[in-house]
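The values are calculated or read from the model by the stated rules, or taken from the named source; none is laboratory data. All values reported here derive from a predicted model rather than from experimental measurement. Note: ideal-geometry Cβ built from the backbone for every residue, glycine included; neighbour counts use all protein chains shown. What goes into the accessible areas is simple: the full protein's heavy atoms, side chains included, and nothing from ligands, DNA or RNA. Shrake-Rupley method; radii C 1.70, N 1.55, O 1.52, S 1.80 Å.
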Amino acid sequence: RLTDVTGVQTCALPICPHRCVFCSQEEITREPSGSVSPEAVSERIEAFLRFKGENRGEVQVSFYGGNFLGLPSGEIRRLLAAASRYVRAGSVDGLRFSTRPDTATPDRLDLLAEFPVAAVELGVQSMDDGVLAESRRGHTAADTRRAVAGLQSLGLSVGLQMMVGLPGEDRKSVV
């Protein structure tokens with residue numbers, strides 16, 4: 001059972017070409033546009049581990065609030081490497097991040113092989129292509145199916161973030 005997650009905010013604005021009807025990462029997080037440095041990742045993890053102490057349960061480092069696989073590949077590697085050293089040291093159990101289905105492409109998934117990623121949260125929002133188009137998501141239900149298959153083929157746990165009440169949605173499109 002996952003009891004603790006130390007989160008590192010990554011902002012979607014510079015790495016996401018879409019402006020969904022519901023998205024404003026800077027407004028939601030009160031964080032400026034841009035990504036976090038590997039040094040900031042280490043600082044956040046160490047502060048969390050000090051705060052929680054030895055009896056903390058399972059801990060995963062989470063990169064959230066953005067399109068993680070949309071970052072430049074070098075940045076993905078730097079951030080995962082910074083967090084991975086805590087997994088190797090035994091103070092953290094694994095890594096997780098959130099991303100868009102259309103960025104979970106084979107070349108991006110290949111980047112994950114050398115890191116102890118345990119789970120990926122996909123910002124799917126809907127499996128209805130009409131709703132996705134009206135919401136300006138920039139991906140389709142087929143992109144989601146491909147992403148889930150690719151992530152599961154790596155042995156990763158996959159969670160799907162869904163939203164109800166999006167433009168064009170009705171009872172039929174939710175099912």
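Observations
- Surface composition of the range 36-106: carbon and sulfur atoms hold 50% of the protein heavy-atom accessible area at a 1.4 Å probe.
- Surrounding net charge for Arg145, when Lys and Arg each add one and Asp and Glu each subtract one, Cβ distance under 15 Å: -1
- Among 117-130, 54-67, 149-162, the order from most to least packed when residues are scored by Cβ within 10 Å on average: 117-130, 54-67, 149-162
- Area of Arg85 that stays accessible when all protein chains are in place (1.4 Å probe, Å², to 10): 110 Å²
- Using the Cβ of Ala81 as centre and a radius below 14 Å, the other residues enclosed give a net charge of +1, where K and R count +1 and D and E count -1.
- Stretch gain in nm, segment Arg56-Arg171, where the contour uses 0.36 nm per residue and the Cα spacing is subtracted: 37.3 nm
- Segment Arg88-Val164, length gained on full extension (0.36 nm per residue, minus Cα span): 23.4 nm
- Note on Asp129/Ala81: beta-carbon distance plugged into 1/(1 + (r/R0)^6) with R0 of 45 Å gives a FRET efficiency of 0.75.
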